[in-house]
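To start, the structure itself, in structure tokens.
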Protein chains: 4
Amino acid sequence: MKILLIGGTGYGGIELIRLLHHHPLAEVEMMYSSSQAGTDIQDIYPHLQTIVEKPLDTIQITDIKNQVDCVFFATPAGVSKSLLPQFLDHGLRCIDLSGDFRLQSSEKYEAWYKLSAPDEAYVKQAVYGLSEIYPNQIRNASLIANPGCYPTATLLGLLPLLEQQIIDPTTIIIDGKSGVSGAGRSTGLGTHYSEINENLKAYKLGVHQHIPEIEQVLTSFANEEVNVTFTTHLVPMTRGIMCTIYANLQDYKSTQELIDLYKQFYNEHPFVRVRKEGNIPATKEVYGSNFCDIGLYSDPRTGRVTIVSVIDNLVKGAAGQAVQNLNLMNGWDIRTGLLSIPVYP
Amino acid sequence: MKILLIGGTGYGGIELIRLLHHHPLAEVEMMYSSSQAGTDIQDIYPHLQTIVEKPLDTIQITDIKNQVDCVFFATPAGVSKSLLPQFLDHGLRCIDLSGDFRLQSSEKYEAWYKLSAPDEAYVKQAVYGLSEIYPNQIRNASLIANPGCYPTATLLGLLPLLEQQIIDPTTIIIDGKSGVSGAGRSTGLGTHYSEINENLKAYKLGVHQHIPEIEQVLTSFANEEVNVTFTTHLVPMTRGIMCTIYANLQDYKSTQELIDLYKQFYNEHPFVRVRKEGNIPATKEVYGSNFCDIGLYSDPRTGRVTIVSVIDNLVKGAAGQAVQNLNLMNGWDIRTGLLSIPVYP
Amino acid sequence: MKILLIGGTGYGGIELIRLLHHHPLAEVEMMYSSSQAGTDIQDIYPHLQTIVEKPLDTIQITDIKNQVDCVFFATPAGVSKSLLPQFLDHGLRCIDLSGDFRLQSSEKYEAWYKLSAPDEAYVKQAVYGLSEIYPNQIRNASLIANPGCYPTATLLGLLPLLEQQIIDPTTIIIDGKSGVSGAGRSTGLGTHYSEINENLKAYKLGVHQHIPEIEQVLTSFANEEVNVTFTTHLVPMTRGIMCTIYANLQDYKSTQELIDLYKQFYNEHPFVRVRKEGNIPATKEVYGSNFCDIGLYSDPRTGRVTIVSVIDNLVKGAAGQAVQNLNLMNGWDIRTGLLSIPVYP
Amino acid sequence: MKILLIGGTGYGGIELIRLLHHHPLAEVEMMYSSSQAGTDIQDIYPHLQTIVEKPLDTIQITDIKNQVDCVFFATPAGVSKSLLPQFLDHGLRCIDLSGDFRLQSSEKYEAWYKLSAPDEAYVKQAVYGLSEIYPNQIRNASLIANPGCYPTATLLGLLPLLEQQIIDPTTIIIDGKSGVSGAGRSTGLGTHYSEINENLKAYKLGVHQHIPEIEQVLTSFANEEVNVTFTTHLVPMTRGIMCTIYANLQDYKSTQELIDLYKQFYNEHPFVRVRKEGNIPATKEVYGSNFCDIGLYSDPRTGRVTIVSVIDNLVKGAAGQAVQNLNLMNGWDIRTGLLSIPVYP
């Protein structure tokens, strides 16, 4: 299986290169870059020297069908919506790591992304690639809208409770915390070391583009329109997302009862690891890996559950889940190329 | 004003030394330490060399009244409850940075601290030293129970809304995030660099001893028993606390309306800085200073307010507030010795 | 004493604002900024809110003599060389934190800075503001070329040995290590959090513009032209410089003998603290302060001395030394406004 | 190939577990721990949950020959010297990650380690496991003394020049910088987060136990006894070692000439990557991988070379090199299980 990677010079792109290098059944055949075409990838990223040495090419669509089998887009918001349909029309399966095809509603895309919406015909084809939740749809999809990092951690943390109507969907609050690599490699004060180190910031209160993405899935699982409070924080670390999620229990259930329910829900899903009572996951415990680790605490004093869900934002929150979806689409074991142990410490 | 400092070798203790060194009206005259008596403070902390060079003495109570005017306790939980009454009985005013005298209920102290409760007679004398909220009681107090770091950030963030019954007290959720210095200088895996760096952990879910402290004050401001959900996280940074606080508005008010209300509430209080709309404080913006900065966001979609309250845990969350209380107790301008600019970046 | 600050929005500039705020005899009266004129400083730096609230003005020279007494330049290389002479000609004393007037040789300035050299007439007027070494010249200067951060740490570490011909000047190797704030607030991959965090880089090998600055002073103290090996490293921290300096001893002297010599050399200089044997300073032990701490180790096995010299690059390495020079120029106690305790931890 | 791992609960031990998990020809069959026998490894390290779930056993030697083929010691200094001979006598090949068998001189071991020396008979059997330098001896060895982290980076950086007598061996200075994981998982102020974060320390000046290890190898390559100046620094990061090495060139050679020589020297060695001119490696560029990246700068002004050598201290500096040696000992391709891409960023 030969892969074309578009946008190989961002953090999502090089994480795809890292993961696919270990993948026995797929390999990156070509890389396109609009900004750095003509450069060799190892000159931008010296850590790749002697391992992956390839030129970045300008984007070309003609005859691509003869050269590759699948296209990954690791491009900023607004790029794949115009580019991806051309590859799809040439018969190539596409996995888009950006947010362009995640929202089914054009109005919401335009309201939250502040960009004109993609063509609805393609949006309708897109399957939301939350691997554990939509495996059957993913298997048959031509266009995967790979989920955002915060939505992945949030939805895997919430869906077991929402599906069984154990929590009140009007009470969901998500306190998200992310490492800085989630902001990508573009430079600015928001990623400037001296501004971020030894500092903790909240950002984009009430306007984060992952809000409608989370709500779209939650609404489809509840019997009502779900609106969430979602706050994001920038933590002085490179990798890792933790979502601390709060909701009121409809009827009180103990921590152990909830854990049993999660273990049941994720019984067949090796990348979701539910912790035992008293054991709450930390982000480093999934570092560099495709795991989503979940810890639970049910508080009898308040009748509220606290869910702690952690992922590596560049792996399960981006490139790893994309490879997991590639595995699904090809009928391979979903673990193929993804079973490395987290790098600890 | 001569100060006796007990427990000078922890982080709270040396922060008191730093702040009092700049104070024109008070100075550290003596330092007691049980663990390191006989050592000079500059041998433990070389940064003090040539500035503060003093021996640490063993604890003695006789004749102390002739030598100092006030005693600060920067000791671990469980120490001051037996030691402080002796100094108080000798007529010395005491400021306790530990949690021993904060909880009015012996049952709660024993349940949350897992220690036997202090003598109720002394607990009743104790004034909770949240400087902006109880200035009159503090002025006349002999025994100050200096607030915890998380409670300071939380209560300053919540009380303007709770007092005016703008929020529903049954819906309060506090997502607390702290730097590692809050855990003190004692060693263990929980403060081990390689375990904490590039990592984010939640800890003490549902059992943090600051829960009853927060609830005690909130309950006194509401017309009902208040129980809160309070989750604490360890952030890979040394200093700083952020509490992100959520509550349902009884009736919707805009962000600007809430800001106006906070500005009114803290009008006379120079250490609380309320940010303007769209401006959310980061922990580094109060680094090394006694400020508590507060930002607000009111979400019309969910009818919920998000309050972001930040302090330096060692200053406003400990030593700085203790000095502010010293100023109050002596009728000095509360800003005395405390008006330094945050160290940025 | 009224100060005009030019370039108030960089890290050198806000550190001057912080230090001068605590200074009893001088205050920042006006701030000029070319890039951000019209903005208020507290809108760029929210940590200054309620403490320093001032507009940034466009640069104007007419009538400035009636409004301020002294001008500080906290501007990038290449700015003050054309701007400063105009203020000097209006009779204002100037302190330049940039490198423009440090090198007496125009050829060297042009070779190392890759910029056209400043007017030699002004270069000749400039006094190199290494406070401990040139106090008399500084007292009478109109134009201070405030030393670079690495040269300050290096020269204070080396001069006691070089002056007494204890080391062989042909063997000097300086291994410099700096926090990221030394690179300023401008954005780029070199200050991007995800590239710098959990990483250690060497940079500018053999071409750092501080090499000729160091050599100029060393040469004036030796009886020969001195060339040094100087390597700089970027350490994942915000503040702090450590220079680890190596040189061959002409005749072996023990660590204690060298310490005695340093203590003698810096006897009258409160900001240089020489550590006792076995005690090597760490950068945090001078954090936020104007101290330069020096530790020594003389190795009988190799006949070589290792000198460890640490400063806070933004204080003793920039703004603090500038204030120290202001104190010298005005006949004030050099400690005025500068005696705060390092912020630890 | 079944492996017995002794000391599985330290950072060297879990890194072995991580690397061997990816190894197609070897697996960890048993783990012994003196301190935590009876516990399951995943209860100490939750990141291993569902991947490696095994009990830690008490140390037993009888019948071990029937159960495993090779023993790895990831134990603190002083443990393997008494334990390892028993396994060796039972016919098991042993790889020791500690320093016990690295020094051929008992006097030096006792002087630098402050411990009684191991039995000389076993010391003589030990092969120093610097894979690129001693591959033939390693292939036939029964007892591998796996090199220390600093010596690995230093020796790979220096030997090409020393072997060809290009540098003067009396002028070698090594400025070493390490992340904190090198200090292991034991707790103390030296690994306390608040003491290390945003700080840079030099430590063990003149007394580091890696000095005799480095000198032993250098001496064997030079025609004279070599003594080096070696200074170690603790950098606020978890993983990574950089050694910045200085030496005088016997006759001047350009940077490019030196690079050519290194490329020739390491031509057959895939884990040493020599950078091209102007490209100096950073520690993150080898993060989590078995690479040693080397950059060079030859200074015509001083006639001195600067060598920058970086490794991941837990991989090439410990567990990775141990696996590389296992590959050599078994005649496998040395890359087996070790060719993962560095985790970047």
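The values are calculated or read from the model by the stated rules, or taken from the named source; none is laboratory data. Because the structure is a prediction, the values reported are computed rather than measured. A quick note on method: Cβ atoms are made from the backbone with ideal geometry, for glycine too, and the neighbour counts reach across all protein chains shown.
Does region B:236-252 hold any residues that are in contact with a strand residue (DSSP E or B) (Cβ under 8 Å, 6 or more places away or on another chain) and closer than 22 Å to B:P76 by Cα, and which are they?
Just the residues of region B:236-252 that are in contact with a strand residue (DSSP E or B) (Cβ under 8 Å, 6 or more places away or on another chain), to begin with: B:240-250, B:252.
Within region B:236-252, B:G240, B:I241 meet the criteria.
When you check D:T232 against the structure, is it assigned by TED's automatic domain parsing to the domain that holds D:I166 and not in a loop (DSSP other than H, G, I, E, B), yes or no? Walk me through how you get there before you give the answer.
Details: assigned by TED's automatic domain parsing to the domain that holds D:I166: yes; not in a loop (DSSP other than H, G, I, E, B): yes.
When the stated conditions are applied, D:T232 passes them.
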**Fill in**
Expected output for region B:73-94 (first residue among the hydrophobic types (A, V, I, L, M, F, W, C), partner at pLDDT below 95, Cβ below 6 Å, 6+ apart or cross-chain) is B:A74/B:G7
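Determine, yes or no, whether D:G337 is without any contact (Cβ under 8 Å) to a residue 24 or more places away in the chain and either under 25 Å from A:L19 (Cα atoms) or not polar (S, T, N, Q) (or both). Even if it seems obvious, please write down each step before you answer.
Numbers: without any contact (Cβ under 8 Å) to a residue 24 or more places away in the chain: no; either under 25 Å from A:L19 (Cα atoms) or not polar (S, T, N, Q) (or both): yes.
No: the conditions fail for D:G337.
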**Asked** Under the condition of being under 15 Å from D:L155 (Cα atoms) and aromatic (F, W, Y), which residue from region D:203-241 is nearest to the chain's Cα centre (by Cα)?
**Response** D:F230
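Going by the structure shown, is B:S194 surrounded by fewer than 23 Cβ atoms within 10 Å (Cβ to Cβ), among the hydroxyl-bearing types (S, T, Y) and free of Cβ contacts under 8 Å to residues at least 40 places away in the same chain?
Numbers: surrounded by fewer than 23 Cβ atoms within 10 Å (Cβ to Cβ): no; among the hydroxyl-bearing types (S, T, Y): yes; free of Cβ contacts under 8 Å to residues at least 40 places away in the same chain: yes.
Taking the combined requirement at face value, the residue does not satisfy it.
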**Item:** Residue count, region A:15-68 (criterion: surrounded by 16 or more Cβ atoms within 10 Å (Cβ to Cβ) and under 20 Å from A:R335 (Cα atoms))
**Value:** 11
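If a residue must be closer than 29 Å to D:N197 by Cβ and within 7 Å of another protein chain (Cβ to nearest Cβ), how many such residues does region B:186-232 contain?
Quick first cut of region B:186-232, residues closer than 29 Å to D:N197 by Cβ only: B:186-211, B:213-214, B:230-232.
Then keep just the ones that are within 7 Å of another protein chain (Cβ to nearest Cβ); that gives B:187-189, B:191-202, B:205-206, B:231.
Total meeting the criteria: 18.
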**Request:** Please go through region C:152-185 and pick out each residue that is in contact with a Gly (Cβ under 9 Å, 6 or more places away or on another chain) and away from every other protein chain (no Cβ under 13 Å).
**Result:** C:T152, C:T154
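Filter region A:271-312 for residues that are assigned to a strand (DSSP E or B) and of a type in the set (S, T, Y); which is nearest to the other protein chains (Cβ to nearest Cβ)?
Restricting to residues being assigned to a strand (DSSP E or B) and of a type in the set (S, T, Y), the top hit is A:Y297.
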**Item:** Cβ pairs under 6 Å, 6+ apart, first in region D:278-306 and outside the structural domain of D:V235 (by TED's automatic domain parsing), second charged (D, E, K, R)
**Value:** none
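Anything in region D:200-223 that is assigned to a loop (DSSP other than H, G, I, E, B) and touching a Leu at 6+ places or on another chain (Cβ under 8 Å)? List them, or say none. Write out each step before concluding.
Of region D:200-223, the ones assigned to a loop (DSSP other than H, G, I, E, B) are D:200, D:204-209, D:222-223.
Matches in region D:200-223: D:L200, D:A222.
Does D:T50 count as assigned to a loop (DSSP other than H, G, I, E, B) and on the phi > 0 side of the Ramachandran plot? Before you say what the answer is, go through the steps one by one.
On the way: assigned to a loop (DSSP other than H, G, I, E, B): yes; on the phi > 0 side of the Ramachandran plot: yes.
When the stated conditions are applied, D:T50 passes them.
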**Elements of type helices (runs of 4 or more DSSP H) in region A:121-196, at least 1 residues being among the hydroxyl-bearing types (S, T, Y), under 14 Å from the mean Cα position of the chain (by Cα) and modelled with pLDDT under 95** = none
**Asked** Counting only residues that are more than 20 Å from C:P135 (Cα to Cα) and either under 20 Å from the mean Cα position of the chain (by Cα) or among the acidic types (D, E) (or both), how many does region C:256-270 have?
**Response** 2
**Request:** Inspect region D:53-61 for any residue being in contact with a His (Cβ under 7 Å, 6 or more places away or on another chain), of a type outside the set (A, V, I, L, M, F, W, C) and more than 27 Å from A:G278 (Cα to Cα) and give the result as yes or no.
**Result:** no
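Identify all residues within region C:60-117 that are hydroxyl-bearing (S, T, Y) and more than 22 Å from the chain's Cα centre (by Cα); write none if there are none. Don't jump to the end; show me each part of the working.
From region C:60-117, those hydroxyl-bearing (S, T, Y) are C:62, C:75, C:80, C:82, C:98, C:105-106, C:109, C:113, C:116; that's our starting set.
Hits for region C:60-117 are C:T62, C:S116.
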**Request:** Mind listing just one residue for me: the one in region C:118-154 that is of a type outside the set (S, T, N, Q) and without any contact (Cβ under 8 Å) to a residue 24 or more places away in the chain and, of those, farthest from C:V79 (Cα to Cα)?
**Result:** C:Y134
**Message:** What pairs come out if I take residues in region B:158-179 that are closer than 30 Å to B:I196 by Cα and pair them with residues that are among the basic types (K, R) whose C-beta lies under 8 Å away, six or more apart or interchain?
**Reply:** B:I173/A:R304; B:K177/A:K177; B:G179/B:R239
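Can you find, within region D:11-30, the residue that is nearest to the other protein chains (Cβ to nearest Cβ) among those that are of a type in the set (A, V, I, L, M, F, W, C) and more than 21 Å from the chain's Cα centre (by Cα)?
Step one: of region D:11-30, the residues of a type in the set (A, V, I, L, M, F, W, C) are D:14, D:16-17, D:19-20, D:25-26, D:28, D:30.
Those left that are additionally more than 21 Å from the chain's Cα centre (by Cα): D:25, D:30.
On the way: D:L25: 16, D:M30: 18 Å.
Checked region D:11-30; the qualifying residue nearest to the other protein chains (Cβ to nearest Cβ) is D:L25.
Look through D:Y262, D:Y252 and report the one residue that is at pLDDT 95 or above, farther than 30 Å from B:E198 by Cα, assigned to a helix (DSSP H, G or I) and aromatic (F, W, Y). Explain how you work it out, then say what you get.
Working: D:Y252 fails: assigned to a helix (DSSP H, G or I).
The unique qualifying residue is D:Y262.
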